[in-house]
Structures are given as structure tokens and as C-alpha cells.
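Comments concern the structure below.
The numbers here are math on the coordinates, done by the rules we state, and not lab data. In this text, all values refer to a predicted model and were calculated from it rather than measured experimentally. Glycine also receives a Cβ, built like all others from the backbone with ideal geometry; neighbour counts cover every protein chain displayed.
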Amino acid sequence: MKALVQRRYGSAVLGELDVPVPGRGEVLLEVRSAGVDMGTWHLLEGKPYLLRVIGFGFRGPKSPVPGRDVAGVVKETGPGVTEFAPGDEVFGTCEGSFAEYAVARVSRLARKPRNASFAEAAAVPISGGTALQGLRGVRAGQRVLVLGAGGGVGSYGVQIAKALGAHVTGVCSTGKVELVRSLGADEVVDYTAEDFTGTYDLVLDCGGNRPLSRLRRATTPRGRVVLVGAETGGSLTGGFERSLVALALTLFVPQTFVPLMSTERGEVFDELRALVESGAVKPPVEREFPLARGLDAIEHVHSRRSRGKVVVTV
């Protein structure tokens, strides 16, 4: 099969690999599309170095193929699989989705939304799942602030918060204002021209570069700040220390700071499928790249030029 092959951190080339074989509880997918997010870049580069220490490969990447978001067709089932059959269209996560075929655990898959293309479905799992889990507990009528509203997680955060009945303010750069407005945000703030004001019941921080003290002032006394990630911590920790400071801060202030550790489960993807099929969520695919240009897709996301989501088509 053709695949984007990564033998060392920092580079990958289009090459040939053997088609993988599904094990117990796994299926072989014929990949149609693979999603791209900032995590794809981190695993390609092996940065922050903390990733290497916690199990993604110390000297080189454990997975020879990048990519984790996936949408495709079940080609073959492994032993013990009853949830899916050959020919089923599915989406979810796996290891090595930048390839013609990939093996995925059935526990990390769901049936593809009927009204979504493969490209749209591949844009949903990680970013959509992160936003969904970060917004747990939001009630109708509450005020939600989404920082980084024009990016992958933020673009889903705006839509899901609206689906939950919240009043949503999205913060983004000038070039993403119209996208965020089209996603349903009640208010859109261009941070290059002004700062956001007011207080919110929940702040979904997908930007990761504002002081925690500023986020606290923007939160109601019993509100929550959900930290999705940070891109300002350098090569060693990648901003992880910000989460540790947030956890310590929660002990001394009435607001709750939550460093989000989202999980990838079929049940979460089923919730997202229902939201997409109902029309409440529309996967915001900005651009599709062919497999041969997978590195360009990753760099486009890393440059922060992308509006919404980017996918690789196979």
C-alpha cells in the first residue's frame, strides 16, 4: 500500500508498506480521508520532547505512519469483531491514517454520519470529541466564551455550545471572523482589534496563550475554565506546565480550572454523529490535500493559516 512513511522525527516521505493485518477487536480500513490537527504536527516532529518520554517513541516514532483521525470503509474484520462488517462506512481514530489502509480498534470507531462525506467525517473525531468533552455540563442560557474559535477544536466548540442552548462568544483573528460568525456565534471578537469583555459560565481556551489571571477575570465566581492545550511552552514541555499551574490555582480560587484530557471512544463519536446528522454541527472543512502532499497539509495547520479543519484524501 502507499503511505506517508516516517522513519525518524521531523520528516516523512510517500512510500510503500505492507498492508496491516487486524488483530482481535480490530478492523482493517480502506482509508478514504484522514484528518489533520496540531497533534499530527507534534507527533511528526516529536515535540514537545515530553511526548517521547511518555511513550510515543524516544529515539524515533513508534508508528511508521502519521495521522490519527480517519474515515473509511471496513475491508476486513479481526477475531471477535461483531460491531462492524466489511463494507461498513465508519469514522474515528487509529494509528497511521495517512495511508491507503489502516488498522483501527472497534472501540474507537462509529458509523459515519449519513449526511457527511468521508472528508467531512475525517475532520470530526479528535477536534469534535475534544470540544464535546470540554463542554460537558453546559446548560441552556449559560454564557460560553470560545478562545481560538476559528481553529479545529474551537470551530466545533462554537457549534456544540450553540446546540446546547448557550450564548456563545467566539474569539479569533481577522481572517476567521466570517467563519466563526457562520458557525453560529452570537458575538465574534477579533482579538487583533479588541479584547473580549464580560464574564462567562465557561471559557473553552483553545488558544493557550492568555494568562490564567485574565481567564479567571472573565469567568463567573463558580464558572469553569477548560484548557484544551497550549502552543507556547517550547520544545521541552509544550505548555504542559500551564496545566499544572491551573490545577494548583483551582485550590485557591472559586473558579474551576480544568486541563482537558479528552478520550477517544466510539460512544463519543456516536454523539458527534448524531449532532452532524441532526444538522446542529457541520464539519468545517477548509481544504483537502492529496496523500502525496500530506506534509503540506500538516504544515498548513501548523502555520495557523487554516480556517476550521484540514483533511488528507486517499
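I need the calculated FRET efficiency for the pair Arg222 and Tyr191, taking r as the beta carbon distance and R₀ as 30 Å, to the nearest 0.05.
The computed FRET efficiency comes out at 0.70.
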For Ser303 and Glu16, FRET efficiency with R0 = 30 Å and r from the beta-carbon atoms, rounded to 0.05? 0.55
Based on other C-beta atoms within 10 Å, arrange Arg222, Arg214, Arg307 from fewest to most. Arg222, Arg214, Arg307
Using Cβ counts within 10 Å as a stand-in for footprinting exposure, how do Phe257, Phe252, Phe98 rank, fewest first? Phe252, Phe257, Phe98
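Peptides 290-303, 194-207, 156-169: what's the order by average Cβ count within 10 Å, highest mean first?
Highest to lowest by the protection proxy: 156-169, 194-207, 290-303.
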Of Leu251, Leu135, Leu260, the most mobile residue in a GNM of the chain (C-alpha springs, cutoff 10 Å) is Leu251
Sort Thr313, Thr256 so that the residue with the fewest other Cβ atoms within 10 Å of its own Cβ comes first and the one with the most comes last. Thr256, Thr313
Rounded to the nearest 0.05, what FRET efficiency do Lys62 and Glu267 give with R0 = 22 Å and r taken as the Cβ-Cβ distance? Could you check? 0.25
Specify whether the C-alpha gyration tensor of the range 4-151 places it in the rounded, prolate or oblate class, a ≥ b ≥ c being the square roots of the eigenvalues: rounded for a/c under 1.5, otherwise prolate if a/b is larger than b/c and oblate if not. oblate
Here the gain from full extension of Arg136 to Asn209, 0.36 nm per residue of separation minus their alpha-carbon distance, amounts to 24.0 nm
